[in-house]
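See below for the structure under consideration.
The values are calculated or read from the model by the stated rules, or taken from the named source; none is laboratory data. Remember, predicted model here, so these are calculated numbers, not experimental data. Every residue, glycine as well, gets a Cβ built from its backbone with ideal geometry; the counts of neighbours run over all protein chains shown. Note: accessible area is taken over every heavy atom of the protein model, side chains too, but ligands, DNA and RNA are not part of it. Shrake-Rupley method; radii C 1.70, N 1.55, O 1.52, S 1.80 Å.
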Amino acid sequence: HNRVPTSDRVVSLTFDDGPLPPYTDQLLEVLAHHRVRATFFFVGENIERHRAAAARTLAAGHQLGNHSYSH
């Protein structure tokens with residue numbers, strides 16, 4: 001378990017199995033509208049198929065994690 005010491009009340013948002021257009025892009029729009037950052041656990045073969053969506057996710061300031069290569 002990773003922990004970040006804080007006295008703030010926070011929620012961590014995570015999303016699995018992407019990137020998968022158009023859903024990843026729709027989610028990025030909602031998060032941007034609310035100025036929220038999240039962690040996306042992407043599947044390697046999905047990244048290869050949808051590199052632009054993965055790049056947009058990083059460019060928007062979100063974190064990426066590994067959710068395996070082929071799930």
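A few notes on this one:
- Scanning region 40-65 for residues that are open to solvent by less than 70 Å² (accessible area, probe 1.4 Å) and over 24 Å from residue 2 (Cα atoms) turns up 45, 46, 47, 50, 52, 53, 55.
- Residue within region 18-39 that is of a type in the set (Phe, Trp, Tyr), surrounded by 11 or more Cβ atoms within 10 Å (Cβ to Cβ) and at pLDDT 95 or above present: yes
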